[in-house]
Amino acid sequence: LFEPIQKQKFAIKVKITSDRSNNIPINQLAKQLVVQLQGKTKKIIIDSPEIIPEHQFFTVNYQLKYQDFQDNLTGFYVKLSNITDKDFIGQLSIQLCFHINEKEYSNTVLEQQLNLSPILKICRINTAKEIIEGNTIFKIANPPERSGMRITEYLWSQPYSFQTFTAPKIQELQPKITAIIEKIELEATVEITKPNPVTKDVLNKIMVRLKDEVSDFHLFTPETSIDIDNNKIIIKRSIYYQYFLQIIDKLSVTIKSLNDVAVAGKVTVEVYLEINQHLSNYQLLEENFNLLAVLPENILQICSEKTGTGGIDQGKIPTILGTSIQSFN
C-alpha cells in the first residue's frame, strides 16, 4: 500500500490554462503569473517549485512531505498575482499526487475559472492633482512622487482553498505521530469467464480472500456479494491507520476453487479513500487467472453417519482443503 512515512512522496500540481483570447506567450505567462502555495494552519517551507510550460497551459509542481499534511489537515490554499500588462482569463486546476502500491495516482481537488486584473499600473498626476491610471507595466519599483507606477490595492488574488485528507476522528498513536488517512476500503472483484455457462453453483465454490503480513484477517469471511447476472464475486475490507504505521509491505488477493471443472477469469483490486471530502477510487491490480479442476475425491467434505443402516453419507458441503489456488500481490 504505502511506503514508510519518511519515504512517502506527495506533490501538489497547480495548472494554469490560458484562454485563447489571451495573446501572451505561455513561456512569458509562466514567469509573470506568480503562483503561491501555503498551508492554512501552519506555514510550510517549500523548495523552489518546478515550472513547466506546455502549449496553452503551464504547471507549477510543489514537492511536499508527510509532515506538511500532518500540520495542515485543515487544508491548503493557492494565491495568484498577475504582473503581466493585461487582464488574464483562464482556468485554475489543482491536483494532489501520491503513491499507492509503488504507482503514482492523482486526484483533482479544485477547479476554478480565473479572471485576474494586473496589479501594477503606470499613472500620472493631472493639473487637478488627481492620479490618472494608465496601462500596466512589468516590474515592481517604488512609485515616484509626481508620476510613475502605482501598486493596486490587492497585490494577490483571493485565496483558492482546498482540503486534502480529513483528520481521523480518533488518534491512538505514538506521540508526535498523526495519521493523515483514517482508513481505506479495499475491494477485490473476481469476474469468471470460464466455464461456459457460469452457474450459481460454480460461483458458490470460489473463495476470494485479501491477506496481509500483520494480521489473520484472511481467516475470516469478508463482506462478500455475488453478482450472478455478471458472473462476479466481490469482497470488501476496511484497513485503519494502525496498520498503515506497521508498514504493510505486501497485500495479496487469493482465489480458491472447489469446482470439478477448470475456472478462468480476471481479478481486479481497487482502493477507496477520502480526499478533499470526496470518496475516490484507484485501481491497484488487474490480472487474469486460471484454476485447474479439482477432482471430487480430492475435496475434503463434511459428512455424516447414515441413520439406521450405518456407513457414511457423503456430505454436500465442501471445505477449503484440497482446492486449486492462485494468489497475486
**From the options Thr221, Thr152, Thr193, residue that is modelled with pLDDT of 90 or more, farther than 23 Å from Leu110 by Cα, of a type outside the set (Phe, Trp, Tyr) and surrounded by fewer than 17 Cβ atoms within 10 Å (Cβ to Cβ)** = Thr193
**Asked** What pairs can you find where one residue is in the range 191-205 and assigned to a helix (DSSP H, G or I), the other is surrounded by fewer than 18 Cβ atoms within 10 Å (Cβ to Cβ) and not polar (S, T, N, Q), and their Cβ atoms are less than 9 Å apart, with a gap of 6+ or different chains?
**Response** Lys200/Ile226; Lys200/Ile228; Val202/Pro195; Val202/Val261; Leu203/Ile226; Leu203/Asp227; Leu203/Ile228; Asn204/Ile226
**Asked** Can you name the residue in the range 60-80 that is part of a strand (DSSP E or B) and touching a helix residue (DSSP H, G or I) at 6+ places or on another chain (Cβ under 9 Å) and is also nearest to Asn23 (Cα to Cα) among such residues?
**Response** Val60
**Request:** Could you please tell me which pairs satisfy a Cβ distance under 6 Å, a separation of 6+ or placement on different chains, a first residue in the range 53-77 that is closer than 10 Å to Lys42 by Cβ and in contact (Cβ under 8 Å) with a residue 24 or more places away in the chain, and a second residue that is in a strand (DSSP E or B) and not hydrophobic (A, V, I, L, M, F, W, C)?
**Result:** Asn72/Gly39
**Prompt:** Failed condition for Asn290, given (1) over 27 Å from Glu102 (Cβ atoms); (2) modelled with pLDDT of 90 or more, with all others met?
**Reply:** (1)
**Prompt:** Under the condition of being surrounded by 17 or more Cβ atoms within 10 Å (Cβ to Cβ) and not hydrophobic (A, V, I, L, M, F, W, C), which residue from the range 72-85 is nearest to the chain's Cα centre (by Cα)?
**Reply:** Gly75
**Asked** What do you reckon, is Asn115 surrounded by fewer than 16 Cβ atoms within 10 Å (Cβ to Cβ), modelled with pLDDT under 90 and polar (S, T, N, Q)?
**Response** no
**Asked** Taking the range 4-60 on its own, how many of its residues are at pLDDT 90 or above, within 26 Å of the chain's Cα centre (by Cα) and charged (D, E, K, R)?
**Response** 7
**Prompt:** Name the residues in the range 255-281 that are at pLDDT 90 or above and hydroxyl-bearing (Ser, Thr, Tyr), would you?
**Reply:** Thr268, Tyr272
**Message:** Anything in the range 3-49 that is of a type in the set (A, V, I, L, M), part of a helix (DSSP H, G or I) and under 24 Å from Ile100 (Cα atoms)? List them, or say none.
**Reply:** Ile5
**Message:** Exactly one condition in (1) out of contact with any helix residue (DSSP H, G or I) (no Cβ under 7 Å at 6 or more places or on another chain); (2) over 26 Å from Ile180 (Cα atoms) is false for Asn259; which is it?
**Reply:** (1)
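The values are calculated or read from the model by the stated rules, or taken from the named source; none is laboratory data. Source: prediction; values computed, not measured. As a convention, Cβ positions derive from the backbone with ideal geometry for all residues, glycine included, and neighbour counts pool all protein chains shown.
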